[in-house]
Amino acid sequence: MAEKTEMNEITVVGAGATGLTLSLALAKMGHRVTIIGKPDVRITGRAVSMLDGTLRMMKNIGVWETLGPKTAPLEVLRIIDDTGSLFRVPPASFRAGEMGLEAFGSNIENWNLVHTLAEAARATPLIQFVENHVQHYVFNKTFVEIHLDDGASFETKVVVAADGAKSPAREAALIKLKQWSYPQTALTALLNHTVPHNDVSTEFHTRQGPFTTVAMAGTQAAPNRSSLVWMMEPGRAAEMSKLSLEKLAREIERQGQSCLGKITLETPPYLVPMRGFIAEALTAHRLALIGEAGHVFPPIGAQGLNLGMRDVAHLADCIDLALKNNEDPGDSAVLKAYEASRGADIGLRTRSVDMFNRSLLSELMAVDALRGISLLALSNITPLRKLVMGT
């Protein structure tokens, strides 16, 4: 007979950055949480920029003391128009100091962020960390049954789906997606280089998409390190991935105008097809979506993770308020309050990234002109920069 545990009020499915952060945030508020999933700590060359709001969350949940030394500050975001457009604007540098900040945020490798959060979750008494996979769900009127691969099962009042873009929980709840794709693949890798990045992350805007180097924390063996996200036509990405590491490094140097000096690859390249979607609903019966379970778009402007972390903050507040008022955290009114709080932000960020990415791929002069005007506005209007940088 399969083992069954007592009723849980909150179960988070997915042990990525958003799921782990939500679990730690709720535990910090004094609530018991079960999190189900296996952390993915593979080194793939992918990195994230945690902007100001996300950094405040890391401090609030008590992980910053451990996390901070693993990060590099994002002090300057430099944008270079390499499209060849007639409306090409001069290079623009967004400096945190001009906005009264020491940094816009901090950069860290994905695996390192997840590893740090997972260790904190394992050490938190109010968190039950079940490192397994969900086999299926049964949504009942007042609770949800969660059945695991090993035969164990749980009952919970609310399921939070933090299980990524392919979210089985979302599929089980029959939530549909509004999907689209791009004629692009992102090539990612970790780079070592001879010229210090000086805490500057750089986006070269090309006709095939952004070529972005993200400043990373150095090590004793490799003091100058950056993460690369290079978006390009899928066929070209496939060809690039087949080059020797030495030849690929030379191509990266050329595309990056040698701003980081001589480059060597710390990791082999990884390819990620570019697509986007928004879930048609962020909630269903006793279910809430956060992070990539609810929205995905290309890695432009450090928006993806930080959008998911704002999901975390809003949902944590809604659940906390319900429990403090002795209400059911899975009640439809609680979940709809969360959904209502997130729609505008998710819609705005998704449309903005989508329009900007498509503008790079278009060679229409009117589109180039509009993109140039937008970049000039970002360069010169401080409140607009604050909105985009999430501060």
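The values are calculated or read from the model by the stated rules, or taken from the named source; none is laboratory data. All figures in this text were calculated on a predicted structure; none of them were measured in a lab. Cβ sites come from the backbone with ideal geometry, for glycine too, and all protein chains shown count toward neighbours. Accessible surface is based on the protein model in full, side chains and every heavy atom, while ligands, DNA and RNA are left aside. Shrake-Rupley method; radii C 1.70, N 1.55, O 1.52, S 1.80 Å.
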* To do: Specify the residue that is farthest from L20 (Cα to Cα); the eligible residues are those in segment 102-145 that are among the polar types (S, T, N, Q) and in contact with a helix residue (DSSP H, G or I) (Cβ under 7 Å, 6 or more places away or on another chain).
  => S106
* Asked: Here are A169, A152, A186: which of them is modelled with pLDDT of 95 or more and either crowded, with 22+ Cβ neighbours inside 10 Å or within 30 Å of E9 (Cα to Cα) (or both)?
  -> A169
* Asked: Just wondering, is there one or more residues in segment 298-313 that are open to solvent by 10 Å² or more (accessible area, probe 1.4 Å), at pLDDT 95 or above and in a helix (DSSP H, G or I)?
  -> yes
* To do: Evaluate segment 327-334: report whether one residue or more is surrounded by fewer than 22 Cβ atoms within 10 Å (Cβ to Cβ) and closer than 29 Å to T206 by Cα.
  => no
* Within segment 335-359, how many residues are open to solvent by 20 Å² or more (accessible area, probe 1.4 Å) and polar (S, T, N, Q)? -> 2
* Asked: What residue, among those in segment 193-239 that are hydroxyl-bearing (S, T, Y) and outside any strand (DSSP E or B), is farthest from G68 (Cα to Cα)?
  -> T194
* segment 1-12 - residue that is of a type in the set (A, V, I, L, M), touching a strand residue (DSSP E or B) at 6+ places or on another chain (Cβ under 9 Å) and open to solvent by 10 Å² or more (accessible area, probe 1.4 Å) and, of those, modelled with the lowest pLDDT -> A2
* Asked: Hey, does segment 290-297 have a residue that's over 22 Å from the mean Cα position of the chain (by Cα) and open to solvent by less than 30 Å² (accessible area, probe 1.4 Å)?
  -> no
* Output the residue which, of all residues in segment 105-142 that are within 20 Å of V41 (Cα to Cα) and charged (D, E, K, R), is least open to solvent (accessible area, probe 1.4 Å). => E109
